[in-house]
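*Asks:* Submitted below is the structure of interest, expressed as structure tokens.
The values are calculated or read from the model by the stated rules, or taken from the named source; none is laboratory data. Worth saying up front: this structure is predicted, and the values here are computed from it rather than measured. Here the Cβ positions follow ideal geometry from the backbone for every residue, glycine too, while neighbour counts run over all protein chains shown. These area figures cover heavy atoms from the full protein model, side chains too; ligands, DNA and RNA do not enter into them. Shrake-Rupley method; radii C 1.70, N 1.55, O 1.52, S 1.80 Å.
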Amino acid sequence: MPSKKHRKGSKPTPRTLPAQCSTLLDDEVTRCSATPTHGNPIERCHVHHEQYQTMTKRYKQAQKFVDETLAGALMPTKEEILGYTSLPTVFEKARLMKKYVNAIREERTGREIHHQRFFLKVDDGHKIRIKLLAKQMTVGVELRDALEAQALALHLTTNPAKDWMHEFQAISPDPGKDSIHDPISLYLRFSETKWKNEVAVNADDDLIALKLRFRREVYFKLLAVFLDPDTFWPEIHRFDNQPPQPDTDETRQLRKIIDNAYGQYFRRIVFHDPHLFVMALDKVSFKDLVMDDAFSWDHVQSIIRMLGQRLSFGLTWWKDSLTEAIFIKDSAEASANMGSLENRVKVLGGWIYNNKRNTPAPNKVWWEKLKDIENRYVRLCCNFDELHLFLTMSAFVMPAPSFCTTGNLENPSESWDSTATRKHLSICGVIVTGMINGGNQKTKHLGPIPSFIPSKQPGCRTWVEMEVRAYIFGAIRNEPDDFTTAFLNELRARPDLFSVVTRSDTDPPRKLETFGGVTDQVRLRQFEAPFHSAYHRPTGSGNWEVQRSAFNVLYGGGADKTAGYLSDEFNIGKDSKGRGTHSFFFHKHFPIKYFLILDASATANVHDLARQVAWAAFRAHGLVQGGYDERKYDRASDVLFKKSARERLSFLPEGGYAVGNLASPN
């Protein structure tokens, strides 16, 4: 059997060179097609060999700093951090930990590229080192966070606004409650998947730097609404299929206000997050913060999450941001003079202010803010005047709630619409949040109906008569003033039209005041009478049995056990997906006077009732006299709308809004 050993002096068989470079391209799937010329053994092309050398050199340098930091015992312990009393000392240690964490990130990135593209398999040495780096990253981040917390504590000891800081940062957002219909959030979710990493094509390309730079570029793109609004808004308008905005002085001024508002909102996000706030203490701009080595993907996600919640959890921040943006736009000298030392903080080169919910926002703020459903904005109103302002602006720019329109069973091709009427009442200062017809309009005029219940009297039938009253629920100012007093007097003077129940927040619990006609919303009675024909119905008699009273409408109960407007069940309900829903007045924090206005005759449609209530409001304002007249109503509504528009929209340029006939539903 021949020996497997080479004979003395024989040469080994030369190694066959691979046909193509062994490196994977940037997609980490496709193999490089170039001919290998470098390496020991030769297995890489010139370009990828140089990239490999540069990458290895960089992560080895990062490894050296990590090891020296560990060996030199330069990292403080958590006990030592708590003993620091000098802010410069804390910042110095924090810079060391940021550098340490960044070095770990660079080394990990290099080692990941090493086995993802060049060797395709992790050797034992790399596995052990990557596990060590993961543990040290956790330790480094914890120490960095502890240093930031100590820096914040030291900063607060001398800051006059420390009480507001504690209060502001203690607020917890609702998890997952962002606005899924917010075009900015939708755009970011859609665009993030399209952004591609920069491809390395040159021999001197630094793969680690390219990967880290791509991450930073994604941060900038995701936060472009704050960092680069001039580029961001045209992109989102195209994404949302909106035509380009005309380039006029008015649109430029408006865009400046919106950009400033987003900037103020970003400052509030940073201020709310203790880690971001400490990171921002020595920064002067948004880009300065994002370029910080410690600024990570977690920070980006947190900021985007808070951006998506600006119409829910962050709504009060958004209102304050818009208010400040108007002052910034109107005054180039807007500075700390806007607030006291205890109620202002400088963040990233600009000031934010503590609005304690006792100062109404300017008209311009409500004009810009009204983009969504009504009830979420009530929490922003500091008193009834601002609630009235909000609903007046809503009447100008928002569609009315769905309860203003109901189907018409008598003519299915049409619907009853009180959109315009509700807007008139809002402008007058009558807040309507519910309109219920109560039943089929045809049956309201039928009168008693013969039943199959046996009659006790010979020659008679048992008849059933039922009344279902339409009603309107809402509120007016709690404190008496000229309009409120006049409006209630107008309702009181027409018991033939209105049955009214009022409830003041300042009265004892469940105390109600009533005037006018019958205040039972649903009642029925049975009586016996001869039957002649279905077209000759007898006059009803006997005692009524109340199925649902005005008290039930407000507080619940009655035959159908429906929740009342002022009951807890109504104010904290659930939607079709099981999410919590709140009534219009759930978030208000000032007293009002609720009203329930029922149709006195039990035959009127709720939209006719609403028009009569609006006529009473017009009479209280001195716009009309006498009984309801449709032509007079239309003229009075135009006078009301034009007067209100001139007062509320005076900040707009001449011709900056259209004044039409508000008597029409649209």
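*Asks:* Please work out which residue is modelled with the highest pLDDT, limiting yourself to segment 187-208 and to residues that are over 37 Å from the mean Cα position of the chain (by Cα), of a type in the set (A, V, I, L, M) and open to solvent by less than 40 Å² (accessible area, probe 1.4 Å).
*Replies:* Once the filter is applied, the top-ranked residue is LEU207.
*Asks:* Now for a different question. State which residue pairs qualify: first residue under 28 Å from ARG619 (Cβ atoms) and surrounded by 14 or more Cβ atoms within 10 Å (Cβ to Cβ) and inside segment 633-658, second residue at pLDDT 70 or above and of a type in the set (Val, Ile, Thr) in any location, beta carbons under 8 Å apart, and separation of 6 or more residues or different chains.
*Replies:* As it stands, the answer is TYR633/VAL624; ALA636/VAL624; LEU640/ILE427; PHE641/ILE427; SER644/THR392; SER644/ILE427; ARG648/THR392, since those pairs meet every condition given.
*Asks:* Shifting gears a bit: For TRP366, are the conditions met, namely being modelled with pLDDT of 70 or more, open to solvent by less than 40 Å² (accessible area, probe 1.4 Å) and in a helix (DSSP H, G or I)?
*Replies:* no
*Asks:* Before we move on, is GLY439 at pLDDT below 80, surrounded by 12 or more Cβ atoms within 10 Å (Cβ to Cβ) and within 20 Å of ALA600 (Cβ to Cβ)?
*Replies:* The answer is yes for GLY439.
*Asks:* Here is a list of conditions, (1) buried (at least 19 other Cβ atoms within 10 Å of the Cβ); (2) assigned to a strand (DSSP E or B), and ASN552 meets all of them except one; can you say which number that is?
*Replies:* (2)
*Asks:* Only one of (1) out of contact with any Cys (no Cβ under 9 Å at 6 or more places or on another chain); (2) open to solvent by 20 Å² or more (accessible area, probe 1.4 Å); (3) modelled with pLDDT of 75 or more is not met by VAL378, so which one is it?
*Replies:* Single failed check for VAL378: (2).
*Asks:* For segment 289-329, how many residues are among the aliphatic types (A, V, I, L, M), under 14 Å from the mean Cα position of the chain (by Cα) and part of a loop (DSSP other than H, G, I, E, B)?
*Replies:* So the answer is 1.
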